[in-house]
1. Set the bar at 19 Å for Cα to Cα. Now go through 33/114; 45/94; 51/111; 11/54; 54/114; 51/114 and name every pair that lies beyond it.
2. Got the relative contact order for the chain handy, in percent, Cα pairs under 8 Å and 6 or more residues apart?
Amino acid sequence: MTYEEFNRYCKSLPSTSYVIQWGNSHVWKVGGKVFAIGGWEYLKKPAFTFKTSKHNYLFLNEIPGYRPAPYLASRGMSWIQQYDAQDKDDKELKYYITESHRIVSLGLTKKKQKELGLNQK
């Protein structure tokens, strides 16, 4: 996935906003909270960082091409960075980005979720 494709996909998710920060990283937020970051490390290949469940964090931490996200994971947060996507299907990354969006949106207040039309059933 390129950064352009990453940005296009993140933009397609509900109630998102975009900002460039932290050394020209592509930072995507839902309700003002970060759910995905494109870039951040000075790598030759694109790198994508996202929040995960504890289970997925433990699982992905063991998979080549994924690692605990620099800075965030060292602070005890369940964030993973895909830094080497050699033969990975973008569908997998899109799943984890969508899950990150869901997890972060569930952390918003119920009032904020309702304002944004998120998680309404």
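Every read-out reported here was derived from the displayed coordinates using simple, explicitly stated rules and does not represent laboratory data. Because the structure is predicted, anything quoted here is derived from the model rather than measured.
1. Values: 33/114 16 Å; 45/94 17 Å; 51/111 22 Å; 11/54 25 Å; 54/114 26 Å; 51/114 22 Å.
Among 33/114; 45/94; 51/111; 11/54; 54/114; 51/114, the Cα-Cα distance tops 19 Å for 51/111; 11/54; 54/114; 51/114.
2. Details: 188 pairs, mean separation 27.6, N = 121.
Value for the chain: 23 percent.
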